[in-house]
1. Under a 10 Å cutoff between Cα atoms, tell me which one of 259, 205, 69 has the largest fluctuation in the Gaussian network model of the chain.
2. Give me the mean projected area, in nm² to one decimal, of the convex hull enclosing the Cα positions of region 37-196.
3. Report ³J(HN,Hα) in whole Hz for each residue of region 347-356, in order, from the Karplus equation J = 6.51 cos²θ - 1.76 cosθ + 1.60 where θ = phi - 60°; Gly and Pro get x.
4. Kindly state, to the nearest 0.05, the FRET efficiency for residue 174 paired with residue 149, given R0 = 51 Å and r defined as their beta-carbon distance.
5. Calculate, axis by axis, the spread of Cα positions in region 179-225 along the three principal axes, and write the results as whole Å, longest axis first.
6. Quick one: Debye curve from the C-alpha atoms of region 154-201, no solvent, what's log10 I(q)/I(0) at q = 0.17, 0.19 Å⁻¹?
7. What percent does the relative contact order of region 48-192 come to when contacts are Cα pairs within less than 8 Å and at least six residues apart?
8. At most 14 other C-beta atoms within 10 Å and a DSSP loop state: those are the exposed GluC sites (Glu not before Pro) I care about. Give me the longest piece of the chain that has none.
Amino acid sequence: MGVVVIGAGVAGLVAAVVLARRGIDTLVLEAASRARVESRPRAGLLGPAAVDALERNGLADGLRAEGAPHHNCEFRHRRRAFVVEYARHAGGHHHVVYPQQKLVADLVAAYLAAGGVIEFGVTDVMLDALTSDHPAVSFVTADGQRQTVESRFIAGCDGHHGVSRGSIPEGALRHIRQRDSAWAWLAVLAAVTPSTDKIIYGVSPRGFAGHMLRDHRTSRFYLQVEATADAADWPAERIWEELHARLAVDADWQLAEGPLLEPPNVITMDSVFYEPMRFGRLILAGDAARRVPPAAAKGAGLAIVDGETLALAVAAALHDADERPLNAYSEVCLGRAWLAQEASTKLLQLVNVELADPFARRLQDVRLDRLRTSPVAAAEFADHYLSPR
Ligand code: RFL
């Protein structure tokens, strides 16, 4: 086997398609069922680097047909709304909103069409001999058979809680962690047509509220909550009450309510990087190598671009015996990921409200006023918001 890819998320599937299309024998191992990966709601907003990578590899048909381009976003502050036309400040670069589960379904189809093999529902995945020329993966198939596969490389694309990174010996990777934030976001997914055509970042004296878009029937909302918050304390009624209050604006605007599609989820804002993204013949990509909070919507985009970079580097090593791209892989991906982390940190400073700190709140007022009135501040925001490009 050329490459075993662990995890059929966006990182793993992009890597697998690019490898399979280059004639490299590829096996994808996925813990969940196909139905689950193709219906699990997560990201929606994809930046230009990710969209370009999908376009380059002919993987953007669904996104082009159904995705919604986004050029502007809206802030609400002191009950006043203002729009930042960020694409205008960034040479026309923009986002596309396309639900991650639809992209995963497109990628699974493209990979199978390229002759790739996926084992869904695997358990007990174990990695071995990572520093040898023939690393091995053993796993139990959905029908209970233990199998062991030797390969030339293993792509660890199994997300933040997967087994790949944990197979690397203690001390081989640096763990670079941000100090814990006092705040988390309560993530809410509702079956309701968005009450807006652009993302809304609402900064209110009660804390931040975000109104994101998924598709014409689905909206995502976020509420800033304490890092120690318990989702069980947030019944639907309390969520809607808080969203109405925090998104309120002195204008003719109504927030439409709808049934919650899944239990709300407390997402902490901590970040961690594992460096380098490679140990011997195991190469990490996407969330397996880091956790960037979803605040600036960077994780899926980074994972897509990591997947492509990984596949091209492995293809160069296998086809041309050229290991230079592989040796550069970690640095290239980390450069992009730290840029995204900086954008995420800046966005959190802009929208999360330090509820008990009047000094910080006055500074936040200044930041938001500058964003509203200064083209330089808007251009700076655009640069972060769309990075990496
Ligand atoms: P994934 O998507 O987690 O996929 C990993 C896959 O590996 C499987 N797996 C295993 N398979 C085999 N053996 C094992 N032992 C395994 N353990 C796990 C899993 O079942 C899964 O299928 O990782 P990947 O590919 O690195 O992609 C990362 C992105 O999913 C993530 O960064 C984004 O979803 C983050 N994110 C967002 N990113 C954006 O770019 N834009 C957004 O708008 C955005 N919104 C979000 C988000 C993440 C969110 N949550 C759920 C934290 C909104 C939310 C609410």
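1. Most flexible of the set in this elastic network: 259.
2. Projected over every direction and averaged, the Cα hull of region 37-196 covers 14.8 nm².
3. 5, 5, 5, 6, 10, 6, 9, 7, 4, 9
4. Computed FRET efficiency for residue 174 and residue 149: 0.95.
5. For region 179-225, the Cα spread along each principal axis is 37, 18, 15 Å.
6. -0.83, -0.88
7. 13 percent
8. For GluC sites (Glu not before Pro) (loop position, at most 14 other Cβ atoms within 10 Å), the longest site-free span of the chain is 171-322.
The values are calculated or read from the model by the stated rules, or taken from the named source; none is laboratory data. Every value quoted in this text rests on a predicted model; they were computed, and no experiment measured them. Neighbour counts are summed over all protein chains in view; Cβ atoms, including those assigned to glycine, are modelled from backbone coordinates with ideal geometry. Heads up: the accessible areas ignore ligands, DNA and RNA and are worked out on the full protein's heavy atoms, side chains in. Shrake-Rupley method; radii C 1.70, N 1.55, O 1.52, S 1.80 Å.
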